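FYI, it's all coordinate maths here, none of it is from the lab. Owing to the predicted nature of the structure, the values given are computational and were not obtained by experimental measurement. Methodologically, a virtual Cβ is constructed for each residue, glycine included, from the backbone with ideal geometry; neighbour enumeration extends over all protein chains shown.
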Amino acid sequence: MQNELYQSGSLYLKQHANNPVHWQLWSADVLAQAVRDQRLLLLSIGYSSCHWCHVMEEESFEDEEVATLMNAHFTSIKIDREERPDLDARYMNAVQLMTGQGGWPLNCIALPDGTPVWGGTYFSKADWMAALTQIAQMWQESPQTIEEYAEQMREGLTDMVKVSKSGSPGIFEAADFEDVLVPWMRGWDERNGGLTHAPKFPMPSNYSYLLQHGILSQNDRTLSFVHNTLNKMALGGIYDFVHGGFTRYATDRFWKVPHFEKMLYDNAQLIGLYAKAYRNDHQDLYAQTISQTVSWLQREMKLDSGLYAAALDADSATSENPREEGGYYTWRIDELEDLALPHFEAFKWYFDISEHSAWEGKYILHRTQPIKALAERLDIDEAAANESLLHWQQVLAGASADRIESCPKPLRDPKALTCWNALLVVGLAEAHRALPKNGYDKMATALLDILLHTVCANGKIAHQYLHGAAEGDGFLDDYSSMGKALVEVFLLTGNEAYLEYAKQTATSIEKLFPLEGAFRLYTNAFDSNWQKQLEIEDNVIPSANSMWADFFHSVGLLADHTDWKTQAQQALSAIHTKVFRYGPNFSNWLEQGLTQAFGSKELVITGPGAKAAAEDLQRTYLQPGTLILWSEEPSDLSHFKGRISTTLTYYLCSNNACQLPTTELNQLLKLWQPS
């Protein structure tokens, strides 16, 4: 055997291609050979921007002593979790079942047939070698012990699917949401935003749900918590003031010290979250955050294909350290002093730069005060203070570009993942609703068109686009997020071709992803029951099933397809018990449940100026549960039948009961009663 990773197109796998470990690619041939040789599998799973993956590589996988041990006793397989989320989920479930925790790097020992028997995350060299030595010895001397444990794991993983799909069906009622909120509130950090414990992750789905529930229930405490959290995130070190964009999470409770990798999925969803928040509370900070994040994505993450890259690494190869975490984003005090920034003392005060606030000898630019405080400090109005802030940002961005040789940009992972790009389409669509003059609708439409031409063919959707080719079969989240993106762009543009694509996507889902109870399997590629995956719990990215239910509800409503709406309703009903027991882990489901509990509205606008009228209403109001459709031309959609008029007209229906049409905006607002 030899290291075979040079054959892969994955940046993460290529980073390990020169390791002395005889890494193999996951394939049927490699697995079959392991069965013939009766060698245990050593599965190591990570991703290119994972800091601790790099640390373990340097300490263990580049070490000849470790490699000799691994090569002698194991068939070692490296897996890029972003390329194979199915394998990542399979073995993450196993490690969590064994240890109660998970993360990356994810390391798992499995029988030759792939059944997991041992695992964990990061290990020091000494601990890694000790564990591997013990396991190899046990496999040689007492293989039946490992086989018996493997059978327990098969049963445990099979039971996980059974438990996931179990539960008592229920109907969402308004009072249920208060029951979710009470224990959730106990963990809120109402001073610093987010939850009370660190690390702090920007969980877009959580805050999107809380924002919309706060509006519907008129809960000022919830709304205050959400807006405070979004302010603290945008002002904190987790947001890159110089270049734009959010990093993956903060390691402290003040959002100051980030884990510096930047992920497309975070930024795609946060654009949409800040857009919703802007429609509820028109803060300039939100609009600036959206604009700067989109600019960063276009400048740093957009690929030649027009799609967007998966991630930027946390580490940089600086002149001081070949793998310095956050090196590109942090500043020495002498570097800042040399910039001759105007009002430098105010700059230091505003960004908390003092001898006591340095992080590992450098400074992370973060703001502890709103712009109003800077205006008062400089004795100017807020508009002038914003001009000063913009000037500082431009000078720092120029300085960052000037020091590129000594502090280069972090590596960019060039894979374009279908799901994450589709999430960006949805985020841009939300941004257009908040800021309709910024051209985000054109960006969303252009990106969706590129996805349709690169990863979609013959009714199937590929998982990623890399080096000019679509690769891998799509999973349920790829199809569901693409479906959602198609629906959102149809609602933006009124172009019914996108709705037709959405209907085709729904049909493909029914063919490719079998139902398991009320839910759908993540993939139909499995050899035995223990390998089945049923993703229903929301995380930083909503679960594949909650995205599927959301998409089927939307496309069923728009296409007047009763069965799709019924499937979505059955999934929502089946999840009811779990949602109200573990609310924060099911926030995308909760958001869908709001419509059932608080009612839904459909606003159809037709006639000349219908698009502009729809955009104006969406910009001004965030009214959860309201579907706004518009058309200025004749349409065959049932929503527009008998409603196309020669004057601008509003048709409002609530819970299947329609009001009389009106041409007066004020009359509509009285009926609609937006918050």
Free-standing Cys residues across the chain, given no other cysteine C-beta under 4.7 angstrom: 108, 407, 419, 456
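Would you mind telling me the antiparallel percentage of the DSSP bridges in the chain, rounded to 5?
Working: 43 of 57 bridges.
The antiparallel fraction comes to roughly 75 percent.
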In sequence order, calculated HN-Hα J values of region 355-362 (Karplus, 6.51, -1.76, 1.60; Hz; x Gly/Pro): 5, 9, 10, 5, 10, 6, x, 10
Ranked by how many other beta carbons lie within 10 Å on average, peptides 238-246, 135-143 from highest: 238-246, 135-143
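Which length gain, in nm to one decimal place, applies between residue 395 and residue 252 when the Cα-Cα distance is subtracted from 0.36 nm times their residue separation? Present the calculation step by step, with values, prior to reporting the outcome.
Values: separation 143, 0.36 × 143 = 51.48 nm, distance 2.80 nm.
Extending this stretch completely gives an extra 48.7 nm.
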Karplus-derived HN-Hα couplings along region 629-646 (A = 6.51, B = -1.76, C = 1.60, θ = phi - 60°), whole Hz, x at Gly and Pro: 10, 9, 7, 10, 10, x, 9, 8, 5, 4, 5, 9, 5, x, 10, 6, 10, 8
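Based on other C-beta atoms within 10 Å, arrange 108, 456 from fewest to most. Numbers along the way, then the final one.
Values: 108 24, 456 21.
So the ranking, lowest neighbour count to highest, is 456, 108.
Structure shown: which of 78/302; 165/460; 200/232; 348/409 lie over 23 Å apart, alpha-carbon to alpha-carbon?
Working: 78/302 27 Å; 165/460 26 Å; 200/232 12 Å; 348/409 25 Å.
Long pairs (Cα-Cα over 23 Å): 78/302; 165/460; 348/409.
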For residue 259, distant residues with modelled amide H under 5 Å away: 248, 249, 250, 251
Rounded, prolate or oblate (a/c below 1.5 giving rounded, otherwise prolate when a/b exceeds b/c) for region 601-672 by Cα gyration tensor: rounded
FRET efficiency, 1/(1 + (r/R0)^6) with R0 22 Å, evaluated for residue 6 and residue 124 via beta carbons: 0.20
Relative contact order (%) - criterion: Cα under 8 Å, at least six apart; region: region 233-323: 27 percent
Average Cα contact separation per residue, the chain, under 8 Å, 6 or more apart, as relative contact order %: 12 percent
FRET efficiency estimate (nearest 0.05) - Cβ-Cβ, residue 141 to residue 496, R0 56 angstrom: 0.25
Peptides ranked, highest mean first, by Cβ atoms within 10 Å: ranges 434-441, 69-76, 472-479: 472-479, 69-76, 434-441
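With r as the distance between the Cβ atoms of residue 372 and residue 525 and R0 = 45 Å, compute the FRET efficiency 1/(1 + (r/R0)^6) and round to 0.05. Please report the intermediate quantities before stating the final value.
Values: r = 55 Å, r/R0 = 1.22.
Between residue 525 and residue 372 the formula returns 0.25.
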Rounded, prolate or oblate (a/c below 1.5 giving rounded, otherwise prolate when a/b exceeds b/c) for region 285-441 by Cα gyration tensor: oblate
Per-q log10 I(q)/I(0), the chain, q = 0.07, 0.12 Å⁻¹ (Debye; single scatterer per alpha-carbon; no solvent): -0.49, -1.40
Relative contact order of region 5-165, defined on C-alpha pairs under 8 angstrom at six or more residues apart (%): 25 percent
Projected label distance in nm at residue 148 and residue 29, using a 7 Å step from Cα toward the beta-carbon: 3.9 nm
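For region 601-672, give me the percentage of DSSP beta bridges that are antiparallel, rounded to the nearest 5 percent. Let's see the in-between values first.
Working: 9 of 15 bridges.
Taking every DSSP beta bridge with both residues in region 601-672, the antiparallel ones total about 60 percent.
At 1.567 mPa s and 4 °C, plugging the Kirkwood radius over alpha-carbon pairs of region 380-495 into Stokes-Einstein gives what diffusion coefficient in µm²/s?
Numbers: Rh = 16.8 Å.
This corresponds to a translational diffusion coefficient of 77 µm²/s.
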Computed [θ] at 222 nm, helices only, for the chain once each DSSP H run of length n ≥ 4 contributes -39500 (n - 2.57): -15500 deg cm²/dmol
Stretchable slack from residue 320 to residue 437, in nm (0.36 nm times residue separation minus alpha-carbon distance): 37.7 nm
